[in-house]
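Q: Pasting a structure here, questions to come.
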Amino acid sequence: MTSFVDRRSELAEIQRLVSTARLVTLTGTPGVGKTRLALRAAAGLGRRLPDGAWLVELAEIRDDALVADAVAQALRVHHLVDRSPLDAVREFFRDRRALLILDGCEHLAQGCAELVGTLLRDVETARILTTSREALAVGDERVFVVAPLGLSNGAPGRNGTPVAAAHLFADRASAVSPHFALTTENAQLVNAICHRLDGLPLAIELAATRLRVLSVEHLMHRLDDRFAVLDAGHRTGARHQRTLRATVDWSFDLCTPQEQAMWARLSVFVGRFDLAAAAYVCAVDGVDPESVFGVLDGLVAKSILQVRTQAGQVRYWLLDTLRQYGAQRLRATDTQATVRRRHADWYLDLVERAEREWFGPEQISWLARMQAEWANIRAALEFHLSSGDAELGARLAGALWFYWTNSGPTNEAGYWLDRVLALDTKPSALRAKALWVAGYVAIVRNERDRAADWLAQARPMAAQFGDRLLEAWIVGRQQSMATIQGEFDRGMALGEEALRLFEEAGESDGAGAALVHTTTATIGMFRGDVGATTAASNRAQAICRAHGERWIQAFTLANLGRLAWMRGEAEQAIELTREMIRLRRGGPQPAALLPALEQMSWATEAAGQHRRAATLQGALHQLRRTFAIPVNTKVPAVYLLDPTQSCERRTRLALGERAYTNAFRRGTRIPIEDIATFALGEKAKPDQRTVGPQLTRRELQVAHLVAEGLSNREIASRLTISTRTAESHIEHLLGKLGLNSRAQIAAWVAHSLQDRPTPPTS
Ligand SMILES: Nc1ncnc2c1ncn2[C@@H]1O[C@H](COP(=O)(O)OP(=O)(O)OP(=O)(O)O)[C@@H](O)[C@H]1O
Ligand SMILES: [Mg+2]
């Protein structure tokens, strides 16, 4: 993140507004700094927001209908069942002092107004800060108009101190030209430049990068030539937009033809993307994929493209204004259709690869990858469906089943599946699969009638098109439905039928069969049949282990652990549940650990470890609260009653009120990410929590140049910095990455960019 330039009085005013009003909107012209200011203000609220601030980047969605889904996803309450995303969001904010930041509302005025209106009406504690080019016009909205950065006339401000705009310029200038500093000699020119740019932060950032090749005087002259025509008019919104537009046009003109083409093409990405995706999507019409990294680097150097390392992965993105500009440029070319199609192809290929590989050792990273790429995958779905390509839409939605049912957004899945199913109603194998996915998602959401209906339509269609494997999967889900309804005999029969079909399809040892065995084990567990449960679980486990798979394996341990607990074999229940926690740990959804942790608390109580059980109950209370998960969720009525409450009662009785409360409170203070460690009885290692090194943009550039094999001197000249500075960047890199040679830096870069482009399958 680049440094923040002082806006002390604005920050104080916004913080005051947020503390007193429930809805505050920051409006202002594009690039004036609304987003930056909102984030900074929230960060500064600290203790006044004990439950944190939650950011939703709305540029990632296009449809008002998805606003609540996007918010639920940002809060990580999207996977849970039995309720709409709006209910989940409402539940999340209930009794909480948290701030919701909706960033970039202008294109979703209706969806935002609905969500905000509902939250303000139903949840007294909800506080919302939005940024938008226009006010939302909802309830008691307090509008704060963000003005450009402070300017001073000619000379530095009073007492000779430069004002905000000049500070921003100087900061960004010294990033490209390390010897640059604001002095009494150049202050007047810098002020004049900032005036020219109306104090617009984005314009100032773009212009400052020119100091890589120009002196301050030259920069001023260039701007004078370029902007002479703009002088008319007051400092109004319209004028600011013209100034920004002129600056962006100028930046565009100063890009090389390759950079210009790349800028336009990159606008098809939504949210963040990696090098491999950019290299595949944009390398058309004579652009060599190998050259893409260099071109991206050029755009980063010009402040057009943002870059950050997240969990060891390098991700790029365009600020919204610059993305929209790129999109306009792209529209004027004939590559638009090609590039948009390649974007959709790339993500279809990625998802289909994930579908083939998720039932294996890379499972957790595939699920995390789907989550990280979700904005772009969603854009690909939108592309296929809005261009009327029912087949590719169905392929993409069909391949996403494993993500949607394991940790993905289930309500949004329903949105896409409804659109897929409505687009083309002609029977086909692909439609049968989409119906099955819709049924599966409905089961996860506990929408039983819908699920039964979709599955009943899917089966004959799969049979009609001779797709044995799909039929087997469908019957497997019907078995699961029957089990949920308490129809155990029917469940057993459907399980046998599904296994027969899997065998006919030559897939007796895949994910589908493993799930059937697991459901059979669940029936055994509910019947208290140790032999049947163990036999079916062993079969499921053998399949999962052979694939190096963890997720479904954890289900089998849930059955075995619960059965042991039901039979009073507390120690064994603890042992089995421990294994279950180990398997579920580290996934992209911390809430996915809840069932395992809950089972551990019952087993711990049964083993007579009451204090520990009470602490776990406190930790679970906190976990449920964090993800707005009610007790009793997902426990179908035909099953045994959820033991959570009775277990808490027993623990409380055993310990006495005082001791219980103390132990429970201790649990509520365990950080969410350490609960599993506590449940396993391990000591928390602080270093387990760091995710990827935090490199500065410059360090990242240096790392890439090291990887290209450049010497310190070559790096210095490439970046127009001194050799000493280059050396010191390398020192920092080695320190931050915990490495001790240049070769290791090169290996690190190669590893974090390991996904080379591969051709799509279509
Ligand atoms: N006070 C500041 N200090 C440092 N950088 C700033 C400041 N304000 C804005 N910027 C930078 O200026 C650029 C534009 O800011 P930002 O994205 O916040 O504008 P915005 O008003 O949200 O634009 P949009 O209408 O396109 O969403 C960003 O690169 C941001 O980091
Ligand atoms: Mg913004």
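Q: Pull up the range 1-23, narrow it to residues that are more than 15 Å from ligand 2 (Cβ to nearest atom) and among the hydrophobic types (A, V, I, L, M, F, W, C), then point me to the one that is surrounded by the most Cβ atoms within 10 Å (Cβ to Cβ).
A: V18
Q: Residues being farther than 18 Å from M481 by Cβ and crowded, with 24+ Cβ neighbours inside 10 Å: count how many of those fall in the range 515-535.
A: Here the count works out to 1.
Q: How about the range 481-495: which of its residues are among the acidic types (D, E) and either touching a residue at least 24 places away in the same chain (Cβ under 8 Å) or assigned to a loop (DSSP other than H, G, I, E, B) (or both)?
A: The one that is among the acidic types (D, E) and either touching a residue at least 24 places away in the same chain (Cβ under 8 Å) or assigned to a loop (DSSP other than H, G, I, E, B) (or both): E487.
Q: Within the range 552-580, can you find the residues that are crowded, with 21+ Cβ neighbours inside 10 Å and within 23 Å of W358 (Cβ to Cβ)?
A: Within the range 552-580, I552, Q553, A554, F555, T556, L557, A558, N559, M580 meet the criteria.
Q: Moving to a separate point now. Looking only at helices (runs of 4 or more DSSP H) that lie completely in the range 496-610, which have at least 2 residues being in the same structural domain as S646 (by TED's automatic domain parsing)?
A: Once the helices (runs of 4 or more DSSP H) in the range 496-610 are filtered for at least 2 residues that are in the same structural domain as S646 (by TED's automatic domain parsing), what remains is 570-584, 594-606.
Q: Can I ask one more? If you go through the range 400-420 one residue at a time, do you hit one that is open to solvent by less than 10 Å² (accessible area, probe 1.4 Å) and over 23 Å from V270 (Cβ atoms)?
A: No - not one qualifying residue is present in the range 400-420.
Q: Further question: With a cut-off of at least 2 residues that are open to solvent by less than 20 Å² (accessible area, probe 1.4 Å) and away from ligand 1 (no atom under 16 Å from the Cβ), name the helices (runs of 4 or more DSSP H) lying wholly within the range 28-96.
A: 67-74, 85-93
To keep it simple, each residue is scored yes or no on (1) part of a helix (DSSP H, G or I); (2) among the aromatic types (F, W, Y); (3) surrounded by fewer than 17 Cβ atoms within 10 Å (Cβ to Cβ).
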position: L214; (1), (2), (3): no, no, yes
position: E217; (1), (2), (3): yes, no, yes
position: H221; (1), (2), (3): yes, no, yes
position: R226; (1), (2), (3): yes, no, yes
position: D253; (1), (2), (3): yes, no, yes
position: E259; (1), (2), (3): yes, no, no
position: A264; (1), (2), (3): yes, no, no
position: Y280; (1), (2), (3): yes, yes, no
position: V287; (1), (2), (3): no, no, no
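Q: Every residue in the range 697-718 that is surrounded by fewer than 20 Cβ atoms within 10 Å (Cβ to Cβ) and without any contact (Cβ under 8 Å) to a residue 24 or more places away in the chain, please.
A: Residues satisfying the conditions are E708, L710, S711, N712, R713, E714, S717, R718.
Q: To continue, here is another question. For the range 309-334, name all the residues that are open to solvent by 10 Å² or more (accessible area, probe 1.4 Å), touching a residue at least 24 places away in the same chain (Cβ under 8 Å) and over 15 Å from F252 (Cβ atoms).
A: Once the filter is applied, which keeps residues that are open to solvent by 10 Å² or more (accessible area, probe 1.4 Å), touching a residue at least 24 places away in the same chain (Cβ under 8 Å) and over 15 Å from F252 (Cβ atoms), the range 309-334 yields Q310, A311, G312, Q313, R315, W317, D320.
Q: Right, next: Being without any contact (Cβ under 8 Å) to a residue 12 or more places away in the chain and outside any helix (DSSP H, G or I) is the filter here; which residues of the range 355-381 pass it?
A: Across the range 355-381, the qualifying residue is only E362.
Q: Answer yes or no as to whether G388 is open to solvent by 40 Å² or more (accessible area, probe 1.4 Å) and assigned to a loop (DSSP other than H, G, I, E, B).
A: Answer is yes for this residue.
Q: Another one. Out of all the residues in the range 421-430, is one or more of a type in the set (D, E, K, R), assigned to a helix (DSSP H, G or I) and at pLDDT 95 or above?
A: No: the range 421-430 contains no residue that is of a type in the set (D, E, K, R), assigned to a helix (DSSP H, G or I) and at pLDDT 95 or above.
Q: Any residue at all in the range 113-122 that is within 26 Å of V77 (Cα to Cα), more than 16 Å from ligand 1 (Cβ to nearest atom) and touching a Phe, Trp or Tyr at 6+ places or on another chain (Cβ under 8 Å)?
A: For the range 113-122, residues within 26 Å of V77 (Cα to Cα), more than 16 Å from ligand 1 (Cβ to nearest atom) and touching a Phe, Trp or Tyr at 6+ places or on another chain (Cβ under 8 Å): present.
The values are calculated or read from the model by the stated rules, or taken from the named source; none is laboratory data. None of the values given here were measured: they were computed from a predicted structure. Positions of Cβ are generated from backbone atoms using ideal geometry, with glycine treated the same way; all protein chains shown enter the neighbour counts. What goes into the accessible areas is simple: the full protein's heavy atoms, side chains included, and nothing from ligands, DNA or RNA. Shrake-Rupley method; radii C 1.70, N 1.55, O 1.52, S 1.80 Å.
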